[in-house]
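Asker: Take this structure first; my questions come after.
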Amino acid sequence: MSPESEEIKRAIELLQAEVKVLKDNYHVLNSEYTDNLLSLKKLTQTSSEAASRAAKAAERAAKSATFCAETAKLAADSAIVVAAEKAAEAAYESAEAALEAAAAAAAAAAAAAISLAQHAEDASTQASAAAAHATQLATESAAHAVKMSQEAALFARRAREMDKPGP
């Protein structure tokens, strides 16, 4: 073999080795990319579920606050001041719980949105939309719980005023 042929042969061998390294790197990167996509998809679904659960928690807290407000009103009408005050406190705590649930739903929706930004798949889009909807529900429930807490406090205040002996 001529020196030129040997040099061409070595160059081809080097190119083949480089192509093999590139192929191997591509397979590793592709595998990691696929794993990342699966992880992001799971994160999106989990975030959506967390937002939905937070919305349910906020709805229940709002319902609890409504019951507490009704209890405070009944207690105020009966001049049971301590019961009215305790019901108002319970309504306040329910409102706080609803606000925390709304914050949790917002965080889950944000996680779903981040995941969606990482990979645009239909399932991720749906999960992100569901998380956003759950956040809206949780926020509405939290607002209702706060309103009920304020009503319960008003009833308790009225009961306190009615319980005071006149001058």
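Coordinate-derived values only; no laboratory data. None of the values given here were measured: they were computed from a predicted structure. FYI the Cβ positions are ideal-geometry reconstructions off the backbone, even for glycines, and counts take in every protein chain you see.
Asker: Considering Cα pairs under 8 angstrom that are at least six residues apart, work out the relative contact order of the chain and quote it in whole percent.
Answerer: Dividing the mean separation by the residue count of the chain yields 34 percent.
Asker: Still on this structure: Ranked highest first by average number of other Cβ atoms within 10 Å, how do 1-9, 148-156 line up?
Answerer: Those peptides, ordered most packed to least, come out 148-156, 1-9.
Asker: Show me the ranking of peptides 24-31, 80-87 by mean Cβ neighbours inside 10 Å, starting with the highest.
Answerer: Output ranking for 24-31, 80-87: 80-87, 24-31.
Asker: Let me ask something else about it. Report which label in (i) 2, 10, 12, 10, 8, 7, 7, 6, 6, 5, 5, 4, 3, 3, 2, 2, 2, 1, 1, 1, 1, 0, 0, 0, 0; (ii) 1, 6, 10, 9, 8, 7, 7, 7, 7, 6, 6, 5, 5, 4, 3, 2, 2, 1, 1, 1, 1, 0, 0; (iii) 2, 9, 18, 23, 21, 15, 8, 4, 1, 0, 0 holds the value of P(r) over Cα pairs in 5 Å bins from 0, in percent derived from the coordinates of this structure.
Answerer: Looking at P(r) over Cα pairs in 5 Å bins from 0, in percent for this model, the match is (i).
Asker: Residue separation times 0.36 nm, minus the C-alpha to C-alpha distance between Lys20 and Glu140: what's the value?
Answerer: Working it through step by step, the gained length comes to 37.4 nm.
Asker: Follow-up question, since we're still on this one. Take the chain, connect every pair of alpha-carbon atoms lying under 10 Å apart with a spring to form a Gaussian network, then pick out the residue of Lys73, Lys41, Lys20 with the largest mean-square fluctuation.
Answerer: Between Lys73, Lys41, Lys20, it is Lys20 that shows the largest mean-square fluctuation.
Asker: Run the numbers for Val28 and Lys63: contour at 0.36 nm per residue of separation, minus the present Cα-Cα distance, in nm.
Answerer: Extra length available between Val28 and Lys63 comes to 7.4 nm.
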